[in-house]
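Values in this text are rule-based calculations from the coordinates and carry no lab data. The structure displayed is predicted, hence computed values, not measured ones. Backbone-built Cβ (ideal geometry, glycine too); neighbour counts: all protein chains shown.
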Amino acid sequence: MGEVDQKERKFNIFITVISIVIPLVVIVLFRVKLPNVEPLSFLPPIYASVNGVTAILLIVAVIAIKNGNKKLHQKIMVTCIGLSLAFLVMYVAYHMTSDSTTFGGEGAIKYVYFFILITHIILSVAIIPLVLITYSRAYLQKFEAHRKIAKITFPIWLYVAITGVVVYLMIAPYYAY
């Protein structure tokens, strides 16, 4: 077995573990409320903005690679991963210090909201291994395999980033600031 294959096996084990651990930790921490802590109620517009910036940067990264600018593409994609991690930390911190906000819309808009929210949540879990696999293939310089999975990863990640902003905008009127 070659060195790249061994590294890929290690990456795959790491990706599997992380893809299971992150959602489980989020679920657990989502249910934990820190006592005697000031609610971090200022975070939702910030983490929604982080999602918006991520969406824009994902598009810029695709343009960069289509124009042959690998270095810029790589820097932007690493930034997007960092922004996604920052979002996750802020999201969990908010929910550990604040009560969840209930959507107050009625009628058809309520179904639209829940459709967007549910697809956003499901795909935000699915995107974890996709991003990590896509990144690992580029890191291992398996660029053909990277391109193949990036064609799946990109639209899902973009959807998650954009719907994160949409969910925030739809629920923002119901936040108790």
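So here's what we get for this one:
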quantity	calculated
Scan of the stretch 1-34 for residues that are part of a helix (DSSP H, G or I) and charged (D, E, K, R), ordered by number	Glu3, Asp5, Lys7, Glu8, Arg9, Lys10, Arg31
Enumeration of residues in the stretch 26-73 that are over 21 Å from Leu85 (Cα atoms), surrounded by 15 or more Cβ atoms within 10 Å (Cβ to Cβ) and either in contact with a strand residue (DSSP E or B) (Cβ under 9 Å, 6 or more places away or on another chain) or touching a residue at least 12 places away in the same chain (Cβ under 8 Å) (or both)	Ala64
Test: Ser100 is among the hydroxyl-bearing types (Ser, Thr, Tyr), more than 15 Å from the chain's Cα centre (by Cα) and more than 18 Å from Ile156 (Cβ to Cβ)	yes
Residue match in the stretch 127-141 (condition: surrounded by fewer than 19 Cβ atoms within 10 Å (Cβ to Cβ) and charged (D, E, K, R))	no
Ala172 within 15 Å of the chain's Cα centre (by Cα), among the small types (Gly, Ala, Ser), part of a helix (DSSP H, G or I) and surrounded by fewer than 18 Cβ atoms within 10 Å (Cβ to Cβ)	no
